[in-house]
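Worksheet: the structure to be examined is printed underneath.
The values are calculated or read from the model by the stated rules, or taken from the named source; none is laboratory data. These numbers come from a predicted model, not from an experiment. FYI the Cβ positions are ideal-geometry reconstructions off the backbone, even for glycines, and counts take in every protein chain you see. For the accessible areas, the whole protein counts, side chains as well, though only heavy atoms, and no ligand, DNA or RNA atoms are used. Shrake-Rupley method; radii C 1.70, N 1.55, O 1.52, S 1.80 Å.
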Amino acid sequence: MAVDRLDTRILRLLLERPRTSVREYARLLGVARGTVQARLDRMERDGVITGTGPFLSPAALGHPVLAFVHIEVTQGHLDEVGEALSAVPEIVEAFSITGGGDLLTRVVARDNEHLEDVIQQLINLPGVVRTRTEVALRERVPHRLLPLVESVGREAARRG
């Protein structure tokens, strides 16, 4: 689904002011409330908008350690291991990947000892051959989408 310039303006507001009402978005954009609501509904339906928050901090929830665990899986067992990962609460994301390993997980932990316990739990899952762990030291670029939205908006303006 291609987004146009108005869509990107709406998305920017959603990112910058997520708790603002649709009525206020419409006022800020100078368009009808129904137009904004229709655009939001369409972008949700088309999968551009995938959630509404809130965004939580694992560190504030007592899990300040962040690690990326690469998991190598026995051939033919990727789906089973992927399903088993969903039962581990410390795994906040998991992706099938190419390159060094079959799965990449983002894991949070209370401390290094807890991280080791989580890794041991992963190693013991049926179908897991080995793991490789990288501990994050400091976040350099926080999760963000606004620069991408702005780039898409510039491209939409150039096209249209």
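Annotations
- Net charge dipole, region 35-160: roughly 800 debye, given to the nearest 20, about the Cα centre with Cβ charges of +1 for Lys and Arg and -1 for Asp and Glu.
- Residue-normalised accessible area of the chain, expressed per residue, 1.4 Å probe, Å²: 68 Å²
- With the whole protein complex present, Thr8 retains an accessible surface near 10 Å², based on a 1.4 Å probe.
- Highest-first arrangement of 120-126, 47-53, 36-42, where packing means the average Cβ count within 10 Å: 36-42, 120-126, 47-53
- Share of carbon and sulfur in the accessible area of region 37-115 stands at 53%, probe radius 1.4 Å.
- Computed from backbone phi, the HN-Hα couplings of region 110-122 come to 5, 7, 5, 5, 5, 4, 4, 4, 5, 4, 4, 4, 5 Hz, rounded to whole numbers (Karplus: 6.51 cos²θ - 1.76 cosθ + 1.60, θ = phi - 60°; Gly and Pro given as x).
- Principal axis analysis of the Cα atoms in the chain yields extents of 57, 35, 26 Å, listed in decreasing size.
- Share of pairwise Cα separations in region 71-160, more than 24 Å, in percent: 37 percent
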